[in-house]
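Participant: Before I ask anything, let me first share the structure, which is written out below as structure tokens.
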């Protein structure tokens, strides 16, 4: 059984001892409970033993890099938000990071204030169901032969259940709210990722492709592309 912690707890995985000491002290000073791991292998082990509200992962680490660690963490838990720290600014690394399930990406060097603001924004974003203020309370949606239980991140189809990731569920919910109508790309990116740029757009396209694959067993349910503008979840009535 995972150990429950009384305050917001962060798993911080970074192999640079100086940076680790500074950031751990800073995060604890502003009120977080922080466990530090010096490499990805130890980080994954700690995550398997404790409950965390957030994971901060360096990418370039010995024994197990950040991408590999994030993949293994996502296999254990789809919900805990992940921030990647990296000295690289290549767009391929950012895209790879989002594809491995990260929620944000900070390039070194960065200020402690920036890190603090990003943590607050992610924790706020990830504790909501991505509901817009004007949308209905309903959390269950019927899509052809599918039943989508957004509260529990479940997509059900003819006696089977698929557990969605937080982002998959949030994106599908937005599509459901706008069923048979256009969902603009910018609105989806701001609602699910909290920002709107090229890298987020590429990541969102990956998630749309995954949702299409999940919905493929029922041809009456389709996600269509409105090129350069957005997406439309179309559900055809049975004849």
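The values are calculated or read from the model by the stated rules, or taken from the named source; none is laboratory data. The model shown is predicted, which means the values in this text are computed figures rather than measured ones. We place every Cβ from the backbone using ideal geometry, glycine too, and count neighbours over all the protein chains shown.
For every residue, the table says whether it meets (1) in contact (Cβ under 8 Å) with a residue 40 or more places away in the chain; (2) loosely packed, with under 11 Cβ neighbours inside 10 Å; (3) within 20 Å of residue 122 (Cβ to Cβ).
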residue: 196; (1), (2), (3): no, no, yes
residue: 200; (1), (2), (3): yes, no, yes
residue: 203; (1), (2), (3): yes, no, yes
residue: 208; (1), (2), (3): no, no, no
residue: 212; (1), (2), (3): no, no, no
residue: 222; (1), (2), (3): no, no, no
residue: 225; (1), (2), (3): no, no, no
residue: 232; (1), (2), (3): yes, no, no
residue: 236; (1), (2), (3): yes, no, no
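Participant: Would you be able to say whether some residue in the stretch 90-99 is surrounded by 14 or more Cβ atoms within 10 Å (Cβ to Cβ), in a loop (DSSP other than H, G, I, E, B) and modelled with pLDDT under 90?
Facilitator: No - not one qualifying residue is present in the stretch 90-99.
Participant: Could you check the stretch 4-20 and list, in sequence order, the residues that are in contact (Cβ under 8 Å) with a residue 40 or more places away in the chain and touching a strand residue (DSSP E or B) at 6+ places or on another chain (Cβ under 6 Å)?
Facilitator: Of everything in the stretch 4-20, those that are in contact (Cβ under 8 Å) with a residue 40 or more places away in the chain and touching a strand residue (DSSP E or B) at 6+ places or on another chain (Cβ under 6 Å) turn out to be 5, 9, 10, 11, 12, 13, 14.
Participant: Residue 23 is checked against (1) surrounded by fewer than 17 Cβ atoms within 10 Å (Cβ to Cβ); (2) closer than 23 Å to residue 7 by Cβ; (3) in contact (Cβ under 8 Å) with a residue 24 or more places away in the chain and fails just one. What number does that condition carry?
Facilitator: Here residue 23 clears every test but (1).
Participant: Another one. Quick one: which residue in 166, 185 is touching a residue at least 12 places away in the same chain (Cβ under 8 Å), touching a helix residue (DSSP H, G or I) at 6+ places or on another chain (Cβ under 8 Å) and farther than 25 Å from residue 77 by Cα?
Facilitator: 185
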